[in-house]
1. Where the second residue is among the hydroxyl-bearing types (Ser, Thr, Tyr) and part of a loop (DSSP other than H, G, I, E, B) and the first is closer than 15 Å to residue 67 by Cα and away from ligand 1 (no atom under 16 Å from the Cβ) and lies in region 87-110, which pairs have Cβ atoms under 9 Å and are six or more apart or on separate chains?
2. So which residues in region 99-110 are surrounded by fewer than 19 Cβ atoms within 10 Å (Cβ to Cβ) and either small (Gly, Ala, Ser) or within 18 Å of the chain's Cα centre (by Cα) (or both), if there are any at all?
3. For region 66-92, enumerate the residues that are buried (at least 19 other Cβ atoms within 10 Å of the Cβ), under 16 Å from residue 288 (Cβ atoms) and away from ligand 2 (no atom under 16 Å from the Cβ).
4. Checking the structure you have, find out if any residue of region 52-59 is free of Cβ contacts under 8 Å to residues at least 40 places away in the same chain, within 16 Å of ligand 1 (Cβ to nearest atom), on the phi < 0 side of the Ramachandran plot and crowded, with 19+ Cβ neighbours inside 10 Å.
5. Answer yes if at least one residue in region 186-194 is at pLDDT 95 or above, surrounded by fewer than 17 Cβ atoms within 10 Å (Cβ to Cβ) and within 16 Å of ligand 1 (Cβ to nearest atom), and no otherwise.
6. From the list 277, 264, exactly one residue is outside any loop (DSSP other than H, G, I, E, B) and either touching a Cys at 6+ places or on another chain (Cβ under 8 Å) or away from ligand 2 (no atom under 16 Å from the Cβ) (or both). Which is it?
7. Anything in region 48-92 that is away from ligand 3 (no atom under 16 Å from the Cβ) and of a type in the set (Ser, Thr, Tyr)? List them, or say none.
8. State which residue pairs qualify: first residue away from ligand 2 (no atom under 16 Å from the Cβ) and inside region 170-197, second residue in a loop (DSSP other than H, G, I, E, B) and among the charged types (D, E, K, R) in any location, beta carbons under 6 Å apart, and separation of 6 or more residues or different chains.
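The values are calculated or read from the model by the stated rules, or taken from the named source; none is laboratory data. Nothing here was measured: the structure is a model prediction, and the numbers come from that model. We place every Cβ from the backbone using ideal geometry, glycine too, and count neighbours over all the protein chains shown.
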Amino acid sequence: MKQIHDADNSGLSMVEVVLLGNAQDGGRPQPGCNKPCCIGLSPNDYRYPTSLGIIDQEQLHIIDASRHLGSQLQLLENRIPDEIWITHAHFGHIDGLGLFGRETINAKGIILHVSKRMEGIIRETPHWRLMLEQGVFSISEISDKATISNAGFTITPILVPHRGELSDMHAFVIRGQHKSLLYLPDHDTWKETLKLHETTSIRQWLKELEVDIALLDGTFWSHNELQSRSQNVVPHPPIKETINLLGYKQQGDPDILFFHLNHTNPVFDEWSEEHTTVVEMGWKIAKQGQRFIL
Ligand SMILES: [Zn+2]
Ligand SMILES: [Zn+2]
Ligand SMILES: [Zn+2]
């Protein structure tokens, strides 16, 4: 793996982050969807569930492990991660863990960073419990705002409200020597998230987190998007609402990129009116394979 060095030749390496997928848990196309959003897509238009690779000198960390990991790791020269961080228990974020077992990678001693509730689910699920017994994973517990230091970067879990029927949900802030990035694929509402963190606006919260780049939950464009399901069942703040709350990008604002896009989301199409609106306001739609230097 190539190392990236500072221009001043100080010998300090920078951390590279790679977005391994920008789709919601179901991916694109979504299994079983026979609507225009998924019918007839060419393989170039396929997108994987959200996941992030963090390359730090000799170490590779990934956040979230989807069932498409085999294809996603191609963006990282198909290396086996040394450490894995899990946001929450919804499929799309954890259903790739089984790939590390004997049937596939046959990994040993991968550090798995999970919350206490998430650890409980892993220990109660026969397939995953067996992998712990076989030494595939060793668990390291994460908790809200408890920063963990690595060779060239730190990771801080941030608790956010998100349908807690299985586990709690942690976003992550990755801080390198020069920049920091927020990874927030899922949360229920801005009202609840901002309330939990005792702040009043998205702008203020991101300022308090001191992030330069924010990957934000962009699951849906608007509340009208899901015709067959109630928003009570699938709550996420729609992009339209988030950009209304934010207004136009201002000097000193972080770069905000929306990801975790549902297959129905019109912003997948770069030429759509919705995508244009996001860009005109100074924000972005994250691309699969996009790289950031921290
Ligand atoms: Zn998700
Ligand atoms: Zn679809
Ligand atoms: Zn979720």
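1. What qualifies is 98/104.
2. Hits for region 99-110 are 101, 109.
3. Correct list: 66, 67, 68, 69, 72, 73.
4. No; the residues of region 52-59 include none that is free of Cβ contacts under 8 Å to residues at least 40 places away in the same chain, within 16 Å of ligand 1 (Cβ to nearest atom), on the phi < 0 side of the Ramachandran plot and crowded, with 19+ Cβ neighbours inside 10 Å.
5. The answer is yes, given that some residue of region 186-194 is at pLDDT 95 or above, surrounded by fewer than 17 Cβ atoms within 10 Å (Cβ to Cβ) and within 16 Å of ligand 1 (Cβ to nearest atom).
6. Within the list 277, 264, the selection yields 277.
7. Across region 48-92, the qualifying residue is only 71.
8. Pairs that qualify, where the first residue is away from ligand 2 (no atom under 16 Å from the Cβ) and the partner is in a loop (DSSP other than H, G, I, E, B) and among the charged types (D, E, K, R), are 179/212; 180/212.
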